Each structure stands twice: as structure tokens, then as C-alpha cells.
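Reading through the C-alpha cells given below for one structure.
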Amino acid sequence: MPPKAARPPKKGGKKDLELKEKKKLEGADGDLETVFKSVSLKSGEDEHAADDEGRVATGLLVSEVRARDIKISAFSLALHGAVLVEDTTIELNKGGRYGLLGRNGCGKSTFLKCLAAREVPIPPHFDIYLLAHEAPPSEMTALEYVINSAKEEITRIDALIEKILVEEGPESELLQDLYDRQDSLDPSTFETRASTILIGLGFKASASEAEGGSTIHKQTKDMSGGWRMRVALSRALFIAPDILLLDEPTNHLDLEACVWLEDYLSTYKKILIVISHSQDFLNGVCTDMMVMQQQKLRYWSGNYDTYVKTRTEQDTNIIKLYKKQQTEIAEIKQFISSCGTYANLVRQAKSRQKILDKMEADGLIELPFEEPIFRFKFADAGNMAPPLISFSEVAFSYSGKKKDYLFKNVSFGIHPASRIVLVGPNGAGKST
């Protein structure tokens, strides 16, 4: 690892005070430069940035470029011409763990890809990681793949430090966070920390040949897709990016690994956005809920259960106010229509009409939005004589050899009324 660059002056020291005084003398020109930089930040160096895939995104960074929180206003996102989100706000605070909710197809995964590709103005000192696919099959072991990612991250940080030193000088406020990040990636602890994460997600540091041997040192090319997804997840957790984006991270995990991951993420100190259909997982991990609905992003404090309770209470109150207002409007309209041409009643009717006009000008209460409910109906296929499928002492291996059997001595039948669930650890042969 190359030697670290000179660190910035200690806050509160004489040199630091001199630099602050120098900045004050620079006047408003520097502030304007910051504003213009904030609306045009793009990073073409992020290794996780993907092709836009037909996405078009716009947004304006309104938070400070050097801030640890992010606020982007006037955010809009479209996919192949279809508007997913329009004129809304992205607010991400350090330490916030956000559960992203929304109906299927509303654009949740597209939103994460948009953030990962930096298609909105995210300051370059934020590193972003999107868990989008499993680790590629290669000669590297699971442990090597995870550790190599940290080495790549150190190289990226070193390059960014050098860039800031050249462009802004050693007094830049961004350098301290980068130095802290550099210190946290201590190469002497790589193997221990990577092993801890891999074991937590179900890998074995050592085991007998009958149990499959050590899976930490197994090459990724010899792993199933589910295990390679665990390797990719381990990599994401190991490098601990400033913004971690997870799309259904529990899909390839067994129960024990899900419990471990929930506990691990519940203490994540940076920014986390997770999509999950598991209410228990969202309850255990999230501090806030981000709801994508009606082409807007809305934020609710608390975990999933808190969100449901708060929103139900709010919707109930809105419905009561709506009914009360509609009753009042109906009474006013009834009075106006019954006034006829009597002079004294006409004056009262005009007064009531002004009240009605003011209510409409101020905006009438609308009923809470409800997602459409899809209903499916399948035609009756009639009854079939059992058994539909019958197995008797079945065994299977890809190689055809007994020592490689994925399963053996399997005997069962499937009947028309059978409801069967297939469970087992990743790599056991469920899909086979």
C-alpha cells in the first residue's frame, strides 16, 4: 500500500485557524463555485456504475457537498419514457437504515440502480455499493474474493486522496473522512474480519470431507448460484460502503443466515437502503421507511410495524375529516338549491357559495391512496387419479457416481391434494 498523504491540520490548532481566516477572505466566489459544483457532480470512476438501461434521472443537490447527509430535490426518474418518480426529494442521513416499500413494478430496483450509477448528483466522497448479482465463477476462493475487494477499495481511496490534494490542497475538509476510512481498512485484519462475515452467512472455516470440507477456501466456480450470492453479499458487508444498497438480500439465505444478517445490519452506522418482502427483516433492521407511491418518495420514522400503525391512524383521521367535509359541502349545496328567488335567502345563498368557493380554493381533503388489488381466478381443472408422480428409492448425482449423490433413497408420491414445500441449505440440490 502506498504511503499516506500528509494529513490536514488538527481542528482548533493555529494552522487550522489561519486556514479558516484565509477562506473567509476569499469572499463569495468560493461559495458560488460550491453551488455550481453541487449540481454537476458525476463520477465516472465508480466500478459499480452500470449502464443506464434506458433510465433518465434528474435532480439538484441542495445539501452541502462536504456534508455527511444527502438531500436531492426536484428528483425525477423515468425508464424507457415511463415516469416512475417525478419532482420529489431524496433524503439520506448518515446512520439511517431505510426500508424501500412500493408495489411490484413501481421502480424500486430501478431507483437503486440509479443511485449506484450516480445518475443523480451524489458527492464523490460517498462510495456506493449495489448488490446486484452473485460473484462470478472463477479460480478465486470465497475468502480471496472478499479480501480482494477491500484491496481495490484502498486503491480507490488512495487515488481519491491524491486527486483532492492536487485540486483542493491539504486543507480540504474531505480528507479527514477519507483518512478515517483508510484507517478502518486495516490490511492486517482483512482475513479475520472477512472470515467472520463469511461464517456468519453460512460458510465453514473447516469441516470433514463428509461434510463437504472448508467452504471458505472453495473456489467460486465450484459453488452454486446461491452460495456465490452469499460471497457477493459478504463482499458488500466487508467493504462497508457509505451507501449500501441491497435488493432482496435474504432471497438466497437460509433461516440462520437471515437471522445473522438482520443482526449485523441492525448496527450499520452508515446509509443503508434495503428492499425486502420480509416484514420481520424490515422490523429488525430499519430505522425509517421510504415509500414509493404515486410517483413520489415519502418518509416515515420507525420500522415497518411502526409505519403501518402510524399510517393506519393517519388514514383513519383523514377519512373522518373527508366524510365531515363532504357532509358539510352537501348541506351547503342543498341550502343553495332550496333558496329560490327570495331576496333575503339569495343573499344567504351567495354567502354560502363564497364559503364553498373558499373551501375549493384551499383544496378539498382527498381520501388516502390505496394500491389496486389484483384478483386471479383459475378455471377448475377437475380431479385426477392419484398418484400424479411416484418416486421409489431415487438417487441422483451429476457425475453418476455414488460418492457424489445429492440425494438417495428418496421415496414419495405426489397426489392432487398435495401441498409440498421443499427446504434445505443452499447447494443441497433443491433446484436440481
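The values are calculated or read from the model by the stated rules, or taken from the named source; none is laboratory data. Nothing here was measured: the structure is a model prediction, and the numbers come from that model. Virtual Cβ from ideal backbone geometry, glycine too; neighbours counted across all protein chains shown. To get the accessible areas, we keep the full protein, side chains included, count just its heavy atoms, and leave off ligands, DNA and RNA. Shrake-Rupley method; radii C 1.70, N 1.55, O 1.52, S 1.80 Å.
So how many residues does the stretch 254-305 have that are over 13 Å from L101 (Cβ atoms), open to solvent by less than 60 Å² (accessible area, probe 1.4 Å) and of a type in the set (S, T, Y)?
The qualifying residues number 3.
Looking at L77, L84, can you tell me which residue is in a strand (DSSP E or B), open to solvent by less than 20 Å² (accessible area, probe 1.4 Å) and more than 19 Å from W300 (Cβ to Cβ)?
Only one candidate passes the filter, namely L77.
Hey, does the stretch 165-182 have a residue that's without any contact (Cβ under 8 Å) to a residue 24 or more places away in the chain and not in a helix (DSSP H, G or I)?
Yes, the stretch 165-182 contains at least one residue that is without any contact (Cβ under 8 Å) to a residue 24 or more places away in the chain and not in a helix (DSSP H, G or I).
Search the stretch 306-345 for residues being surrounded by 13 or more Cβ atoms within 10 Å (Cβ to Cβ) and under 30 Å from K94 (Cβ atoms), and hand back the single one that is nearest to the chain's Cα centre (by Cα).
Among residues in the stretch 306-345 that are surrounded by 13 or more Cβ atoms within 10 Å (Cβ to Cβ) and under 30 Å from K94 (Cβ atoms), the one nearest to the chain's Cα centre (by Cα) is Y307.
Yes/no per residue for (1) at pLDDT below 75; (2) of a type in the set (S, T, N, Q):
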{"position": "F335", "(1), (2)": "no, no"}
{"position": "L356", "(1), (2)": "no, no"}
{"position": "P368", "(1), (2)": "no, no"}
{"position": "K403", "(1), (2)": "no, no"}
{"position": "H415", "(1), (2)": "no, no"}
{"position": "S418", "(1), (2)": "no, yes"}
{"position": "V421", "(1), (2)": "no, no"}
{"position": "G427", "(1), (2)": "yes, no"}
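Here's a check for you: in the stretch 205-221, which residue that is at pLDDT below 85 and of a type outside the set (A, V, I, L, M, F, W, C) is nearest to E153 (Cα to Cα)?
Of everything passing the filter in the stretch 205-221, T215 is nearest to E153 (Cα to Cα).
Just the residues that are aliphatic (A, V, I, L, M) and without any contact (Cβ under 8 Å) to a residue 40 or more places away in the chain, please, taken from the stretch 275-315.
V308
Quick one: how many residues across the stretch 46-66 are of a type outside the set (V, I, T), open to solvent by 30 Å² or more (accessible area, probe 1.4 Å) and modelled with pLDDT of 85 or more?
The number of residues fulfilling the criteria is 2.
Please tell me if T327 is within 30 Å of G96 (Cβ to Cβ), modelled with pLDDT of 80 or more and out of contact with any Cys (no Cβ under 9 Å at 6 or more places or on another chain).
No, not satisfied.
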